[in-house]
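Single-structure report; data block below.
The values are calculated or read from the model by the stated rules, or taken from the named source; none is laboratory data. Bear in mind that the values here come from a model prediction, so they are computed numbers and not experimental data. Every residue, glycine as well, gets a Cβ built from its backbone with ideal geometry; the counts of neighbours run over all protein chains shown.
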Amino acid sequence: MDYRLVLTEGRGTCSSKHALLAALAQENELAVKLTLGVYEMTETNTPGVGKVLASSGLSSIPEAHCFLRTAFSVIDVTMPGEALSAAERVFLHEEVIGPADVGAYKTSVHRRVLANWLYATGRSSFGLDAAWAVREACIAALSGEAPKPSSTLQAS
């Protein structure tokens, strides 16, 4: 993921926006850490995903979110005034990453945490790919796309 596209496209995700800001902070030797957190996404903390989750037989699903930390605060530029900010979320996993890690590495951590969550919550039979499809449908719902009902989203 080329986080610099935020500048030319005038938009981006939590990953690309925070990676750009972290890279600028690093270049200027500022003590800002790009942080990857995985939280349980619900309708309460992420309005707009409830119908997708319910249609899949779930009330939550792990979602990855990037934000910045300083010694004094959490900076979350993608959710100002909406739902819960990164400072208010309870994370299942949290780690400091580099701007280059917001692509494949972030996805691999997210999938690992999701697999562990499925096992820990007794949902292993749901399957990682089916759970990932639910997560993708949630993201589509947040972006205004109509989620596509599918039997693959149902637990077996």
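So Thr107 fits all but one of (1) in contact with a Lys or Arg (Cβ under 9 Å, 6 or more places away or on another chain); (2) under 26 Å from Asp2 (Cβ atoms); what number is the exception?
(1)
For the structure I just gave you, tell me whether Arg135 is in contact (Cβ under 8 Å) with a residue 40 or more places away in the chain, charged (D, E, K, R) and either touching a Phe, Trp or Tyr at 6+ places or on another chain (Cβ under 7 Å) or surrounded by 16 or more Cβ atoms within 10 Å (Cβ to Cβ) (or both).
Judged against the criteria, Arg135 is a match.
Give me the pairs, please: first residue somewhere in the range 101-126 and within 21 Å of Leu21 (Cα to Cα) and in contact (Cβ under 8 Å) with a residue 12 or more places away in the chain, second residue anywhere and of a type outside the set (A, V, I, L, M) and surrounded by fewer than 16 Cβ atoms within 10 Å (Cβ to Cβ), beta-carbon distance under 6 Å, and either six or more positions apart or on two chains.
Once the first residue is within 21 Å of Leu21 (Cα to Cα) and in contact (Cβ under 8 Å) with a residue 12 or more places away in the chain and sits in the range 101-126, no partner that is of a type outside the set (A, V, I, L, M) and surrounded by fewer than 16 Cβ atoms within 10 Å (Cβ to Cβ) comes close enough.
I'm trying to understand the selection: among the residues of the range 51-72, which are free of Cβ contacts under 8 Å to residues at least 60 places away in the same chain and basic (Lys, Arg)? Give the steps one after another, and end with the answer.
Taking the range 51-72 and keeping what is free of Cβ contacts under 8 Å to residues at least 60 places away in the same chain, we get 54, 59-60, 64-72.
Within the range 51-72, just Arg69 meets the criteria.
Quick check, is Ser124 at pLDDT 95 or above, touching a Leu at 6+ places or on another chain (Cβ under 8 Å) and farther than 20 Å from Cys14 by Cα?
no
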